[in-house]
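Everything on this sheet refers to the single structure shown next.
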């Protein structure tokens, strides 16, 4: 009598074979360098960008916007160069998404000035009449909580010291509250007087969106 006549033994052997195959073909490759390409051009998110990313996830933006441009001619013509594996090296979790209720955002960084984003976040319909995106004007009324910023970057392995994190936050705050900020007029229009000298959640989410795709554009420019 062979193994086929022993259902219990057959089930155990089958499970072991499937498990071994899964480990060899799925889990082992996950830890090989060839499946985790990196680029010196792709930098970890700064503390302010990470805070913005957290707000982006909190508000469910990834439910309506993908962050991956497929290697199809129509996609490249509309959104820019197709997505590369190495540009997601610091994304935890990935926000590739599967729905495009709104446009893909993987190449949004640098496409518009900050002033455009402030207006768009305040009232999407003021920029695109037929937009079905809800307004997020209230983000400008929320002071950004940075009490856990260093802890976040530490857990995610970005390699910043606490001093560097505080410097990043201070520099970005100085930028957006400066009289010379190129989007000052628009920011002042959407930000309550009491928070014009502080970092807001809208400042953070805009910093995050302005990061998207910019490292890859720099990488491509050097090639």
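The values are calculated or read from the model by the stated rules, or taken from the named source; none is laboratory data. Nothing here was measured: the structure is a model prediction, and the numbers come from that model. Positions of Cβ are backbone-derived with ideal geometry, glycine not excepted, and every protein chain shown enters the neighbour counts.
Here residue 220 meets each of (1) surrounded by 15 or more Cβ atoms within 10 Å (Cβ to Cβ); (2) at pLDDT below 95 with one exception, condition (1).
Within the bounds of the stretch 132-151, is there any residue that is closer than 23 Å to residue 215 by Cα, out of contact with any strand residue (DSSP E or B) (no Cβ under 8 Å at 6 or more places or on another chain) and not in a loop (DSSP other than H, G, I, E, B)? Checked the stretch 132-151: at least one residue is closer than 23 Å to residue 215 by Cα, out of contact with any strand residue (DSSP E or B) (no Cβ under 8 Å at 6 or more places or on another chain) and not in a loop (DSSP other than H, G, I, E, B). Screening residue 76 against (1) touching a helix residue (DSSP H, G or I) at 6+ places or on another chain (Cβ under 9 Å); (2) more than 20 Å from residue 131 (Cα to Cα) leaves a single unmet condition, (1). When you go through 163, 154 one by one, which is the residue that is surrounded by fewer than 13 Cβ atoms within 10 Å (Cβ to Cβ), out of contact with any strand residue (DSSP E or B) (no Cβ under 6 Å at 6 or more places or on another chain) and modelled with pLDDT of 95 or more? Within the list 163, 154, the selection yields 163. Of all residues in the stretch 198-216, none satisfies being over 19 Å from residue 117 (Cβ atoms) and out of contact with any helix residue (DSSP H, G or I) (no Cβ under 9 Å at 6 or more places or on another chain). Flag not set for residue 162, criterion: free of Cβ contacts under 8 Å to residues at least 40 places away in the same chain and closer than 22 Å to residue 196 by Cβ. Residues that are in contact (Cβ under 8 Å) with a residue 60 or more places away in the chain, over 17 Å from the mean Cα position of the chain (by Cα) and closer than 27 Å to residue 138 by Cα: does the stretch 106-113 have at least one? Yes, the stretch 106-113 has at least one match.
The condition (being in contact with a strand residue (DSSP E or B) (Cβ under 8 Å, 6 or more places away or on another chain), surrounded by 12 or more Cβ atoms within 10 Å (Cβ to Cβ) and farther than 29 Å from residue 91 by Cα) is satisfied by just one residue among 200, 186, 191: 191.
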